[in-house]
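So the structure is just underneath, and the comments pick up after that.
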Amino acid sequence: MPKRAERIATVPPYLFAEIDKKKREVIARGVDVISLGIGDPDLPTPQFVIDAMHRAIEKPAHHQYPDYDGSFAFRQAACDFYQRRFGHSFDPKTEALALIGSKEGLAHIIWAYIDAGDIALVPDPAYPVYKTHTLLAGGTPYMVPLTAENSFLPDLKAIPEDVARKAKLLFLNYPNNPTGAVATLEFYQEAVAFCRKYDILLVSDNAYSEMTYDGYVAPSIFDVDGAKEVAVEFWSLSKPFNMTGWRIAFVVGNADAIGALGIIKTNTDSGQFTAVQEAAIAALTDPAADSFIAEMNATYLRRRDLAVAGLRAIGLKAEPMKGSFYLWVPVPAGHTSASFATLLLEEAGVVVTPGGAYGPHGEGYVRIALCLKEERLQEALERIKQHVKV
Ligand code: MLT
């Protein structure tokens, strides 16, 4: 085999691929493993989406190449959804693109902007794709700490002037993965002003906007006047509609940035299966969608409260999140995030995600995803209690 490209050595294997491997090893030893690891909704996709897929798959026109940018009907449905949900309008022709999941779009927007030596401002901790694709593109991720003291929001004022001047991208993701933190409109105003000042594209990953609790409603970056001049926002059907396996998302925002992403995409993929886009249109437009999401959030709320009470009873400092379906839990004294995650897997047969895998400031935490039924969650908590003395 020829020598691999140097860039491969700059990134680790994908976090959840590694966790899957370890999980399989423990399962192979006969352990009944309970996963609080990946954020992959356990409940089914709504029936109205599945029915739309059945109808769409029968149409021969859908068996041919899809439209590169996504079908016009899908882009229109995405823009209509943004208008209805957030009150912001976008032109489906120039300000929206279909994606094969947000992960694909987030990776590719980096290739549209980052040349060797360019800086991307990446939150720490964060969804790994922002950093790894910056590295793969030859860029330099400048890690911006998210700390409990600052409510897991980046302190943009602490970014050195020379770094800000060289930066081309700023990633934000609220409700946040992995911390479950949420952003205020004031913070978004500051972030947009920062990006205008330094000529930075603000990449808002709004994958968890619909998963909120306690009356909190998540904003869009476009709630800030003028944001469209500097921002794009990614929105995924994966989490709110239990559609992780379908691979469908979209991006809206600045037309120039959407155009640049389109050039990378048309040279890389040939679009998402049109039948999947038809099913996604049903998710975005069906009158039953709102009640489906409300029902899911009620389910996650019950799981959240059960998990927080159970973890606190063990002596762990769990705080209920307002958004996403992740709890960000400090590990007990004497542990690193990796040693605690290993203890839980090896001794209790429970998978959690070590916080250090999301960046150095994730060290000292583990992430718990609430993607399992309450009985299993209860069992996981009991097993953790047996093996963890705080
Ligand atoms: C997560 O669990 O953080 C992600 O949603 C999984 C992924 O996108 O790889």
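In a DSSP loop and with at most 13 other Cβ atoms within 10 Å, there are no GluC sites (Glu not before Pro) in the stretch 194-235. Extension gain for LYS317 to LYS22 (0.36 nm times residue separation, less C-alpha to C-alpha distance): 103.6 nm. The stretch 97-136 and the stretch 166-245 have Cα centres spaced 15 Å apart. Only beta bridges with both residues in the chain are counted; by DSSP, about 45 percent of them are antiparallel. Accessible area per residue for the stretch 47-285, computed on protein heavy atoms with a 1.4 Å probe, is 38 Å².
For the stretch 46-177, the carbon plus sulfur part of the accessible surface works out to 54%, probe radius 1.4 Å. Short to long, the 10 Å bins of the Cα pair-distance histogram for the chain hold 5, 23, 32, 27, 12, 1, 0 percent of all pairs.
Restricting the trypsin sites (Lys or Arg not before Pro) of the stretch 12-47 to loop positions (DSSP other than H, G, I, E, B) with no more than 10 neighbouring Cβ atoms within 10 Å leaves ARG29. For the chain, hydrophobic long helices are taken as DSSP H runs at least 30 Å long by C-alpha position along their axis with mean Kyte-Doolittle hydropathy of -0.5 or more; these are 289-314. Amide hydrogen proximity for TYR174: with H placed 1.01 Å from N in the peptide plane, the residues at 5 or more positions away or on another chain lying under 5 Å are ASP205. If the segment from SER270 to GLU58 were pulled out straight at 0.36 nm per residue, it would be longer than the present Cα-Cα gap by 74.3 nm. Ordering SER102, SER270 by accessible surface, largest first, gives SER270, SER102; the 1.4 Å probe counts only protein heavy atoms, with every chain in place.
Sparse packing (at most 12 other Cβ atoms within 10 Å of the Cβ) combined with a DSSP loop state is found for none of the chymotrypsin sites (Phe, Trp or Tyr not before Pro) in the stretch 76-105. With protein chains left intact and a 1.4 Å probe, residues in the stretch 289-349 average 41 Å² of accessible area per residue.
The values are calculated or read from the model by the stated rules, or taken from the named source; none is laboratory data. It should be emphasised that the depicted structure is a prediction, and the values quoted were computed from it without experimental measurement. Methodologically, a virtual Cβ is constructed for each residue, glycine included, from the backbone with ideal geometry; neighbour enumeration extends over all protein chains shown. These area figures cover heavy atoms from the full protein model, side chains too; ligands, DNA and RNA do not enter into them. Shrake-Rupley method; radii C 1.70, N 1.55, O 1.52, S 1.80 Å.
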